[in-house]
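A single structure is presented below for examination.
The values are calculated or read from the model by the stated rules, or taken from the named source; none is laboratory data. Note that this is a predicted model, so its numbers are computed, not measured. Every residue, glycine as well, gets a Cβ built from its backbone with ideal geometry; the counts of neighbours run over all protein chains shown.
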Amino acid sequence: VTLFNHARARDRSHYESFRPFHDALYRWVEPMSVTPFSTAAMERVLPAVFTTLVRHATTPAWQVDAAAGMFRAGSAVAVEAKTAIKLRAKKADPAAMSNVEREIDALENEWDEAARTPSPPLGYHDGGNERRRLVKSFSETRGLWPVQTSMRSVEEDVAAVIFDPLAPGGRS
């Protein structure tokens, strides 16, 4: 609830231009389908979520770039991150649990394998030529997992043909 004072010009302006202001604001908001734990969402986001949970939701020792190379499957930090993701998935979409478990187990094993390869050492991100990268943006070639850096423009362009059953020939 917002209380406006009709005698104040600023309050009156907010009241009088409420709809045009919000219409202009919504023009810049892109509609996006949010289907958590769908296959496409997991491919794009799960590696970033898993990495972030390991790196930032545990002890500060995991925040150092070189800590990515210390990761081991089945370790306490891996179990903690996996459990957090699985709990969230169970709340959001219980039917997707088997897919989530399969994907997160695969990520854990990939990270473990990459961390065990000694040379060059594994880092979270840009380590120059001295480190291999755990994460990369979709446009980059160097790195283990492509991750999003923005929620904008995540879908590729798709050519669509619209059929109109009432139009001659069925096309519009």
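Which of the residues spanning the range 57-68 are more than 16 Å from residue 104 (Cβ to Cβ), touching a residue at least 24 places away in the same chain (Cβ under 8 Å) and either surrounded by fewer than 17 Cβ atoms within 10 Å (Cβ to Cβ) or of a type in the set (A, V, I, L, M) (or both)?
Result: 66, 67, 68.
With the checklist (1) within 18 Å of residue 147 (Cα to Cα); (2) of a type outside the set (S, T, N, Q); (3) at pLDDT below 90 in hand, flag the one item residue 130 doesn't pass.
In the conditions (1) within 18 Å of residue 147 (Cα to Cα); (2) of a type outside the set (S, T, N, Q); (3) at pLDDT below 90, residue 130 misses (1) alone.
Six or more apart or on different chains, Cβ atoms under 9 Å: show the pairs whose first residue is in the range 131-147 and within 17 Å of residue 71 (Cβ to Cβ) and whose second is outside any loop (DSSP other than H, G, I, E, B) and acidic (Asp, Glu).
131/65; 144/110; 145/110
How many residues, within the range 69-115, are of a type in the set (Lys, Arg), exposed (fewer than 15 other Cβ atoms within 10 Å of the Cβ) and either in contact (Cβ under 8 Å) with a residue 12 or more places away in the chain or under 20 Å from residue 56 (Cα atoms) (or both)? It would help to see each step written out before you state the result.
Start the filter on the range 69-115 by keeping residues that are of a type in the set (Lys, Arg), which leaves 72, 82, 86, 88, 90-91, 102.
Filter once more, so that each one left must be exposed (fewer than 15 other Cβ atoms within 10 Å of the Cβ): 72, 86, 88, 90-91, 102.
Those still in the list that are either in contact (Cβ under 8 Å) with a residue 12 or more places away in the chain or under 20 Å from residue 56 (Cα atoms) (or both) too: 72, 86, 88.
The total comes to 3.
Got a number for residues in the range 144-160 being at pLDDT 75 or above and either among the polar types (S, T, N, Q) or loosely packed, with under 10 Cβ neighbours inside 10 Å (or both)?
We begin by selecting, within the range 144-160, every residue at pLDDT 75 or above; these are 144-148.
Going one step further and asking which of them are either among the polar types (S, T, N, Q) or loosely packed, with under 10 Cβ neighbours inside 10 Å (or both), we end up with 148.
Counting residues in the range 144-160 that are at pLDDT 75 or above and either among the polar types (S, T, N, Q) or loosely packed, with under 10 Cβ neighbours inside 10 Å (or both) gives 1.
Another question, if that's okay. Collect the residues in the range 27-56 that are surrounded by 14 or more Cβ atoms within 10 Å (Cβ to Cβ) and over 23 Å from residue 113 (Cβ atoms), keeping them in residue-number order.
Here is the first cut: in the range 27-56, the residues surrounded by 14 or more Cβ atoms within 10 Å (Cβ to Cβ) are 36-38, 41-42, 44-55.
Of everything in the range 27-56, those that are surrounded by 14 or more Cβ atoms within 10 Å (Cβ to Cβ) and over 23 Å from residue 113 (Cβ atoms) turn out to be 36, 37, 38, 41.
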